[in-house]
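Beneath this line is the structure, given in structure tokens, with notes to follow.
Just so you know, all these numbers are worked out from the coordinates, no wet-lab data involved. Small disclaimer: the values here were computed from a predicted structure and weren't measured. Glycine also receives a Cβ, built like all others from the backbone with ideal geometry; neighbour counts cover every protein chain displayed.
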Amino acid sequence: MLVERVLLFAAASAGLAACSQANAATPDPSQDIDCSVVAFYFSGLAEHRGVEPAQKRALAAVHKWYSKKVQAIAKDEGANGVLTRAGPVLEAVKRDPMNMRDELAACTDRAVNDGLR
């Protein structure tokens, strides 16, 4: 159910996202930091665009789940490493959010398969 809601939001995000450049770098959905950034962006977008409450909750849950993983990475590897990776990923998402829907779906699937409930 959570995945369905997030995927529904991802499909609807084309109407929410601003027009942007087409050649942005692609976040890697197999990386926790990248997924945290993607989930952060779409969770924030949902808050500001009046998305249905169930979709907001689903996106917030995905973001929170990846945030915990990134906090552990920062504890092990240091915050600078996280920021070094997260900054360019956020810029890529901001440049081309409409083309990040597949990454959001892949990150959501991975979180659910890894234990997000």
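Computing FRET efficiency as 1/(1 + (r/R0)^6) for Lys64 and Asp109, where r is the C-beta to C-beta distance and R0 is 22 Å, gives about 0.85.
In terms of its C-alpha gyration tensor, region 66-117 comes out oblate, because a/c is 1.5 or above while a/b does not outweigh b/c. Listed peptides 33-42, 53-62 appear in the order 33-42, 53-62 once ranked by packing, highest mean of other Cβ atoms within 10 Å at the front.
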